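Peer 1: Here you go, one structure.
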Amino acid sequence: MVYSDYFNPEAETMSVEQLRELQLERLQHTVRHCMNSAFYRDKFQELGITPDDIRTLDDVRKLPFTSKDDLREHYPFGLACVSLKDCVRLHSSSGTTGNPTVVLHTQKDLDEWANAVARCLWMVGSRPEDVFQNSAGYGMFTAGLGFQYGAEKVGMLTVPAAAGNTLRQIKFIRDFGTTVLHAIPSYASRINEVMLEQGIDPRRDTKLRVLCIGAEPHSEEQRQRIEQQLGVKAYNSYGISEMMGPGVAFECPEQNGLHIWEDYFIVEIIDPVTLEPKPDGELGELVLTTINREGMPLLRYRTRDLTRILPGDCPCGRHHKRLDRLQGRSDDMIILKGVNIFPIQIEKILLKFKELSTDYFITLETKEVGDVMTIEVEISQMFTDDYSRLQALEREITRQLKDEILITPKVRIVPKGTLATSDEKKAVRVKDMRKLF
Ligand code: ADP
Ligand code: ZN
């Protein structure tokens, strides 16, 4: 069977002019629809604006920002723009730090979400003949049901394995002939490790071909390592529950930036301090406005995720803007001795060393000499326990890290299995125990 390269050719290959026209029409509609919520009515009143003030796409900058705190303060249903009887599902975040955030969906919202995910899965080569296995948690975590409905829309046979139980996960991959797998990056590495422990060679003994990895920051080096280990092409998937979940932005076969679906969102990159727009190519905070959502549209939602728009057109034929690999959230940034460091910069260096595994942990402490960073990293199975070789390796890692992050961390190579390996949960990589003064 010969398929089109696109799941929805019209929407995916629309020209930039057509996209802008559609965006303005949808933005104006969304803004009027937002007046059904007291939250946005109040915000508009404070700013002295009305929906009629939105005449061009640049007018998006007149709109108020929406933050995670807004969602928390108006928990649970304060930002709904339809009555609850018209909603069919809600998702909520974990809420470890206070009230969780809640997002409400109508049936149309869920259909659009499934279409977005299907578009992404098709883009990376999934077809109805494929077997799709999802290792994300089902339930409130959006990557479970989000990928499920998208994969069904593509027409694949789906295996809703859900999170955890790695041995069972591997059994399913082998018994059902899974070709497309969704896993968070740390878990993909875990699956590889357990397969090796079981004497299974993922490249020889499975049919895995495509891996969708996302939900947590990971470096290009980590992607390449996972691709090589599992014998797959791995594509970066960006999702955020406030925008729906997976399906927001995804890499195309070029593996060079993540197309963000501009018929769903208006994309801005801002300076997180001055809130001024950043030009394409510059790093800043991603701000998104939903333009085809009914249940709970969000205007200028501050994701806290740092990225940049990659300038230029993509050879794949999609004109939707591309986001650079996500650097992490602004809250993940480590400020040490006045230097700004992202954990992903450290990962990038560590993974250059074949002798190291993908598990590492960063601790920040206040000592007599001042604040210090210790990086523990696990050795890979095959490497030596020769002490002098380990020391030489630690020195070389330290040198390369200093070149990248400009400060000298203390590097400790630890035996395999020392650092908690991640299961279904997003990996926690940093512990900050510094005294504030
Ligand atoms: P939670 O806030 O509980 O983690 P979400 O599932 O909504 O809930 O997580 C969304 C966040 O996960 C994003 O804001 C981003 O920080 C991170 N994230 C998602 N996808 C990626 C990705 N591909 N690369 C880096 N970070 C990602
Ligand atoms: Zn592309």
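Peer 1: Given the conditions (1) surrounded by 16 or more Cβ atoms within 10 Å (Cβ to Cβ); (2) within 16 Å of ligand 1 (Cβ to nearest atom); (3) not β-branched (Val, Ile, Thr), report the number of the one that Tyr360 does not fulfil.
Peer 2: So the condition that Tyr360 fails would be (2).
Peer 1: How many residues, within segment 185-216, are within 28 Å of Arg325 (Cα to Cα), touching a Lys or Arg at 6+ places or on another chain (Cβ under 8 Å) and of a type outside the set (S, T, N, Q)?
Peer 2: 7
Peer 1: With the structure loaded, tell me whether Cys212 is modelled with pLDDT of 95 or more, crowded, with 21+ Cβ neighbours inside 10 Å and over 14 Å from the mean Cα position of the chain (by Cα) or whether it fails that test.
Peer 2: Answer is no for this residue.
Peer 1: Among residues belonging to segment 297-316 that are within 14 Å of ligand 1 (Cβ to nearest atom) and assigned to a loop (DSSP other than H, G, I, E, B), point out the one that is surrounded by the fewest Cβ atoms within 10 Å (Cβ to Cβ).
Peer 2: The selected residue is Arg308.
Peer 1: Scanning segment 318-340 for residues that are within 16 Å of ligand 1 (Cβ to nearest atom) and of a type in the set (S, T, N, Q), which turns out nearest to Ile375 (Cα to Cα)?
Peer 2: Gln327
Peer 1: Please identify the pairs in which a residue from segment 162-179 that is on the phi > 0 side of the Ramachandran plot has its Cβ atom under 8 Å from the Cβ atom of a residue that is aromatic (Phe, Trp, Tyr) and surrounded by 15 or more Cβ atoms within 10 Å (Cβ to Cβ), counting only partners at least 6 apart or on another chain.
Peer 2: Note: pairs meeting the criteria are Ala162/Tyr138.
Peer 1: Within segment 173-187, is there a residue that is under 20 Å from the mean Cα position of the chain (by Cα) and of a type in the set (Gly, Ala, Ser)?
Peer 2: Within segment 173-187 (the criterion being under 20 Å from the mean Cα position of the chain (by Cα) and of a type in the set (Gly, Ala, Ser)), the answer is yes, since at least one residue qualifies.
Peer 1: With the condition being within 13 Å of ligand 1 (Cβ to nearest atom) and either hydroxyl-bearing (Ser, Thr, Tyr) or closer than 30 Å to Ile270 by Cβ (or both), I'd like the strands (runs of 3 or more DSSP E) fully within segment 61-140 carrying at least 1 qualifying residues.
Peer 2: Fully inside segment 61-140 and qualifying: 87-92, 102-106.
Peer 1: For segment 235-246, does any single residue satisfy the condition of being more than 11 Å from ligand 1 (Cβ to nearest atom), within 14 Å of the chain's Cα centre (by Cα) and closer than 30 Å to Asp111 by Cβ?
Peer 2: No, that holds for no residue.
Peer 1: If you check Phe44, Phe7, which single one turns out to be buried (at least 18 other Cβ atoms within 10 Å of the Cβ) and farther than 20 Å from Arg293 by Cα?
Peer 2: Phe7
The values are calculated or read from the model by the stated rules, or taken from the named source; none is laboratory data. Bear in mind that the values here come from a model prediction, so they are computed numbers and not experimental data. Quick reminder, even Gly has a Cβ in these numbers, built from the backbone with ideal geometry, and neighbours come from all protein chains shown.
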